[in-house]
1. Just to be sure, is B:Gly16 surrounded by fewer than 19 Cβ atoms within 10 Å (Cβ to Cβ) and more than 23 Å from A:Tyr160 (Cβ to Cβ)?
2. Among the residues of region B:64-77, how many are within 14 Å of chain A (Cβ to nearest Cβ) and either within 13 Å of DNA strand D (Cβ to nearest atom) or among the polar types (S, T, N, Q) (or both)?
3. For B:Arg116, state whether it is more than 8 Å from chain A (Cβ to nearest Cβ) and either in contact with a strand residue (DSSP E or B) (Cβ under 7 Å, 6 or more places away or on another chain) or at pLDDT below 95 (or both).
4. For the subset of region B:33-56 comprising residues that are within 8 Å of DNA strand C (Cβ to nearest atom) and assigned to a helix (DSSP H, G or I), which member is surrounded by the fewest Cβ atoms within 10 Å (Cβ to Cβ)?
5. Of all residues in region B:78-108, how many are within 14 Å of chain A (Cβ to nearest Cβ) and within 16 Å of DNA strand C (Cβ to nearest atom)?
6. When the residues of region B:130-188 are narrowed to those that are among the small types (Gly, Ala, Ser) and loosely packed, with under 15 Cβ neighbours inside 10 Å, which ends up nearest to the other protein chains (Cβ to nearest Cβ)?
7. Pick out the one residue from B:Lys88, B:Lys97, B:Lys82 that is within 13 Å of DNA strand D (Cβ to nearest atom) and either assigned to a loop (DSSP other than H, G, I, E, B) or assigned by TED's automatic domain parsing to the domain that holds B:Trp162 (or both).
8. Filter region A:76-92 down to the residues that are within 19 Å of A:Leu25 (Cα to Cα) and out of contact with any strand residue (DSSP E or B) (no Cβ under 7 Å at 6 or more places or on another chain), then identify the one that is surrounded by the fewest Cβ atoms within 10 Å (Cβ to Cβ).
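The values are calculated or read from the model by the stated rules, or taken from the named source; none is laboratory data. The model shown is predicted, which means the values in this text are computed figures rather than measured ones. For neighbour counting, all protein chains shown are included, and Cβ atoms are generated from backbone atoms with ideal geometry for every residue, glycine included.
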Number of protein chains: 2
Amino acid sequence: MTDSHHQDEWRESLEGAKDIIIDSLAETMDLYGVTRSVGTLYGTMYVEGDMTLDEMREKLGMSKPSMSTGVRKLQEFNVVKKTHRRGKRKQTYVAEKDFFRFFTNFFTQQWEREVRTNLSAIESAWEQLDMLIQSEEAEESIKEEAREIQRILSQSIKYYKWLSRLVESMETGELFKYIPIEEDDEKER
Amino acid sequence: MTDSHHQDEWRESLEGAKDIIIDSLAETMDLYGVTRSVGTLYGTMYVEGDMTLDEMREKLGMSKPSMSTGVRKLQEFNVVKKTHRRGKRKQTYVAEKDFFRFFTNFFTQQWEREVRTNLSAIESAWEQLDMLIQSEEAEESIKEEAREIQRILSQSIKYYKWLSRLVESMETGELFKYIPIEEDDEKER
DNA sequence: CAATTTGTTAAATATTTTCTTCACAGTTTC
DNA sequence: GAAACTGTGAAGAAAATATTTAACAAATTG
């Protein structure tokens, strides 16, 4: 690292640091099924603060419809919200910067959906299996397999109930009593 | 539903019930970035019990290399393990049927990776920002932005530490003390 | 109310990902 | 040790996704 940076080079270095953060957030979100470019968009908003679609487009060098759909996905995950700059016409969007809230919002949304989807599937499968089990005609071997599946399903119902309670404890903040957020022991500023 | 089913039709009905479960599991896993066909594979193993690659291939009507890579993915997520049927030559694989363990294994693995990736990124970004802040030459406005980013990052470090503790509490089972698994209040059988 | 601007939809294009076929290396069996 | 079989890697084909361009509808300004 030389001693004779121009300001542009310092600026470049700052942007480089941002990019390290952005890329790593995008990679992480990729793990959770958020596409990489949507992750990059989130990361950008995370380090840049609130932005308009045009600012995003310029920053990421992508088209505006891409930004529009990207932002919508992030809103669906509950990690980006609309805001507005007073006096301004353009809509602005702001990313959730508090990762505790990110975590809560994101997984709450996913887990609730998981519970709904799967409980409803279990319900209809269960009925169908009942019909089979109660029929006079069906072979015993088939009935036995149906009962076996019901046994497995009844186990999984417990899980979905538990998952609901986990979600609830995140929403109420109860979870953070059990697993506390460690306070900052740095000198504050 | 008619009264005159053949056994084949009852069998069909049983398979239908399975498929409802399989599809719903696959859809759920899709939410978490597990591809749909890998989710279907998991679901199949979930309802069918342990299987060989050839059994999977036959059941899903896909090629063997697909099964091979699918199973490997599921192993990476820690939700499928190798087993063997005694006396048999073919390798068999078994899906984790206990969703509590599925949950723990899957998210533990993801979250640990998230922590590692992002903490390491924060570390290098932080150094780069420090260099900038401590330089004599860089403009104050740039330095100020660098400090602002460090403030944000120091908040997020708290989050990653918390996430590590959450993972730990899942691994030790501590979490299930706080948010207990409700016991089965159905009449057992 | 005409002219601009903003955000979104639709169609096309490009890119990425998934899947299959083929080949082969490592094991097991006789 | 030859023959058969199992699992996986590589290359290409097929399918799914993401991205862009173009067009438009709604809102805003002068």
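1. no
2. Filtering region B:64-77 for residues within 14 Å of chain A (Cβ to nearest Cβ) gives B:73, B:76-77.
If we keep only those that are either within 13 Å of DNA strand D (Cβ to nearest atom) or among the polar types (S, T, N, Q) (or both) too, we end up with B:73, B:76.
Summing the residues that are within 14 Å of chain A (Cβ to nearest Cβ) and either within 13 Å of DNA strand D (Cβ to nearest atom) or among the polar types (S, T, N, Q) (or both) in region B:64-77 gives 2.
3. Answer is no for this residue.
4. B:Arg36
5. Count: 0.
6. If we take residues in region B:130-188 being among the small types (Gly, Ala, Ser) and loosely packed, with under 15 Cβ neighbours inside 10 Å, then B:Ser154 is nearest to the other protein chains (Cβ to nearest Cβ).
7. One residue alone meets the criteria, B:Lys88.
8. Checked region A:76-92; the qualifying residue surrounded by the fewest Cβ atoms within 10 Å (Cβ to Cβ) is A:Glu76.
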